[in-house]
Each structure stands twice: as structure tokens, then as C-alpha cells.
Amino acid sequence: MSITLSDQAHAGIHGLHTYVPGKPIEDLKRELGLTSIVKLASNENPFGTAPAVKRALAAFASEGGNDLHRYPDGNGFALKHKLAERHDIEMSRITLGNGSNDVLELTARVFLGPGKNAVFSQYAFAVYPIVARAVNAETRVVPALGAEADMPYGHDLDGFLEHIDENTGVVFIASPNNPTGTWLAPGAIEAFMDAVPAGVVVVLDEAYLEYQADSERPNSRAWLERYPNLIVTRTFSKIYGMAGLRVGYALSSAEVADLINRVRQPFNVNIVAMHCAEAALADDDFVVYSTETNAVQRASLSQELEARGLACLPSQANFITFDCGRASTPLFDAMLREGVIVRPLASYEMPEHLRVTVGSEEENRIFLTALDAVLAGA
Ligand code: PMP
């Protein structure tokens, strides 16, 4: 094909590879001749979607289905109103996204570009380099903390400061971080925000915040008053089990939200997803159940893995990353043949680690049985 990219697009897009998502479960079942598959690969909620969301969806289908020929509210007033109450923040400081990935991309489009750089950690979320390079920004990867650190493979915030310069547009930090599960102490984030130049936008990605122990959770809402350059991102994908519906959002200063909204597609979040997200916010029982079960299952899963001599990274997320002590992709393939999908981390340059989503008790048992079978044959 002879499509020519502009010189600038050339530079950024040539450095990227298309993100390869996992195959749909039904396709895998057919391919592998299996009747059931346990999917613990994408940090989804093992308990499905919040019941309040399912009820809202059913009601919408019977009553609100009549509105599907209309565009959604491009300002997302109703959902923003509920989020504003939830976070005690002005609606003008909320930006809605088609998943929080969308908000990350919008942020890159506003604050990055040729001549600018984005700073993030080694072993950080795969979307940060994609959104930065897509707008031809330089990416600066900060070496992660060493395997021997208190928070092995975690973010080195002092290292971040060394990589930031006058051309830094955005810094991405995630706590808890994917794919490591590691987290940052609130005091460390605060000290970092104090040290970062005021003109640098810092994205604090809190996709997994709800899974953190209360005692470790930062009060990022309060920081938004002190740091106008802070953007906090959240998602409905994980704790509310709405990954398939795609809703995320950012909290920031009104000035930053205004800039992001200027480049946002007018109807980036669909009408059904917004309706469901509103319902989700009322389902505290599901949140409590999901977080409490996750904490119990996460502890027992990591104990089981450690008992097998497989060292786990500390995690406060809904997944555990562990060291297989050998190339993990063949283990991933073998697990797949046993009907269990996990995530090999070779693409994250952690070729001997696997990431497993914390499932239900039953799913975790199936995972461990498959793992034992695979390790016995390895
Ligand atoms: N941030 C992190 C750290 C993630 O792991 C994910 C999901 N994999 C996201 C953001 C994006 O989630 P979503 O677009 O579904 O809101």
C-alpha cells in the first residue's frame, strides 16, 4: 500500500504495535475443544456487573429504548451531577470518557505533541506509550524500583523527577499500578506533587483504587484543591463490572477540564453506558462485596502461589503478578489448553512473570489446579 504518513506521524506511529486483545472466550472454546474457560486475564470483576446496572439496563431496554435514535447528552449532565455529589466537586471539573483510556488519550492530545515528552514508569500501563507516541511526543521511561526494593517493580518517584524537564507535558503515575499491582504511599505522591513543576500535568490513574485497603488509599480528591496540574482518572470498568460498557472519567481543575473538553468528541460516551453508570453509583453493596471478597481471595491466592515457590509482587489491585522463574509464555499457552486464561507479561518486558486476575473462590481453585498440572508437566 502506498499511503504516506506525515513525517511527524511517521515518527510516532512507526514505533507502535497494534494492541492485541485476548480472543473472545467462545472462539477459544471452539479452537481448543473446551466446554468451559475461566478467564483471569483482563482484571475484570469476577462477579459480573453490579446488579443495579443490570436492573437499569433492563428498565432502559423496556422504557428508554425509545430514546436510542437520539444522541446522548453530550455534556453528560445527569452522570456528572451524580459524580459531582459523590466526590463533592463542581461538575465543571469532571470529564467523561469512553473508558478511562479515552480520558488518557484526550489528555495526551491536549498536553503532548511534537517536542513534548511524557514521563512514566517501566512496567506501566501499555496505553501511556500509545497515547503519547500517537501524538508524536517523546516517551521517557523511568526505571522501576529493583526486585529487592520494598515495593519491587514499583514506581520510583525520585527517578521520575530526574526525567522531567521543561519539555515534559504529562507524567503518568498509577496507584495501584497495572501490570504490577504495586502502589504508592499517599505521602510519597504528595511529596512528588510538591516537587513537580506547576506547568507539568500529572495524571494519577486510579483505575484500581477501590481495591486498596482503606488505610493505604490516598485522598486524591483533597489534592485536587492544592494541585491545579493534577488529573485523577477513575473507571467503571473494574469495581462496577462495566468494562464492556466503557465509562471512565477524570477529576481535575476546571481549567484543565475545559481544555480537555475542547478536543473531546461531543458524544464520546453512549446513552446506555451513561444510564448504567448512574445506576452503578447507587450500588454500594456490590462495591463492598467485590472489594471485600477480592481482598480475601487475593490474600489466599498469593499464599497459594508463594507456597508453590512462586514469588508474588505486593498487590493492592484485583490481580496478582508472580514470578514463574522461567519463560512465562509457554506456561500461559499450557494453561490455556487447561481452560484457564491468564496474562503473560513478555510485552511488558517481564518475560518470566504471569499476571492473574483474582477470581471467585471457585475460579481461583480451577486456576491453581491448572497451574499445578502445567508445572508438573513443565
Ligand atoms: N488504567 C489502568 C492502570 C488500567 O489497567 C486500565 C484497564 N486495563 C485502564 C486505565 C483503563 O480502563 P478503562 O478504559 O476500561 O476505564
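In summary, the range 156-230 shows an alpha-carbon radius of gyration equal to 1.07 times the 2.2 N^0.38 Å reference for compact globular proteins. According to a simple spin-label model (label point 7 Å from Cα along Cα-to-Cβ), what is the distance in nm between S215 and V296? If labels sit at V296 and S215, their model points lie 2.0 nm apart. Sorting the segments 282-289, 255-262, 343-350 by their residues' average number of neighbouring beta-carbon atoms within 10 angstrom, most packed first, yields 343-350, 255-262, 282-289. Between the C-alpha center of the range 131-181 and that of the range 304-378 there is a gap of 25 Å. Specify whether the C-alpha gyration tensor of the range 122-205 places it in the rounded, prolate or oblate class, a ≥ b ≥ c being the square roots of the eigenvalues: rounded for a/c under 1.5, otherwise prolate if a/b is larger than b/c and oblate if not. Since a/c reaches 1.5 but b/c is at least a/b, the shape of the range 122-205 is classed as oblate. For the range 230-378, the Stokes-Einstein estimate of translational diffusion at 37 °C and a viscosity of 0.692 mPa s comes to 185 µm²/s, using the Kirkwood hydrodynamic radius over alpha-carbon pairs. Modelled spin-label separation between F77 and A373, with each label point placed 7 Å from Cα along the Cα-to-Cβ direction: 5.6 nm.
With all pairs of different C-alpha atoms in the average, the Kirkwood value for the hydrodynamic radius of the range 35-181 is 18.6 Å. Computed from the C-beta positions of D165 and K54 and an R0 of 51 Å, the FRET efficiency is 0.55 to the nearest 0.05. Look at the Cα gyration tensor of the range 308-369: its axes a ≥ b ≥ c give a/c of at least 1.5 with a/b at or below b/c, and that counts as oblate. Legend: distances between Cα atoms for K82/K238; K80/K238; K39/K116; K29/K82; pairs beyond 30 Å are K39/K116; K29/K82.
Would the chain count as rounded, prolate or oblate if I go by the C-alpha gyration tensor, calling it rounded below 1.5 in a/c and otherwise prolate when a/b exceeds b/c, oblate otherwise? It comes out rounded by the Cα gyration axes.
Let me have the 222 nm mean residue ellipticity of the chain computed from DSSP H runs of 4+ only, each contributing -39500 (n - 2.57), with the sum over all residues rounded to the nearest 500. Rounded to the nearest 500, the figure is -12500 deg cm²/dmol.
Read-outs: derived from the displayed coordinates by stated rules, not from any lab. Note that the structure is a prediction, hence the values are computed from the model and not measured. Methodologically, a virtual Cβ is constructed for each residue, glycine included, from the backbone with ideal geometry; neighbour enumeration extends over all protein chains shown.
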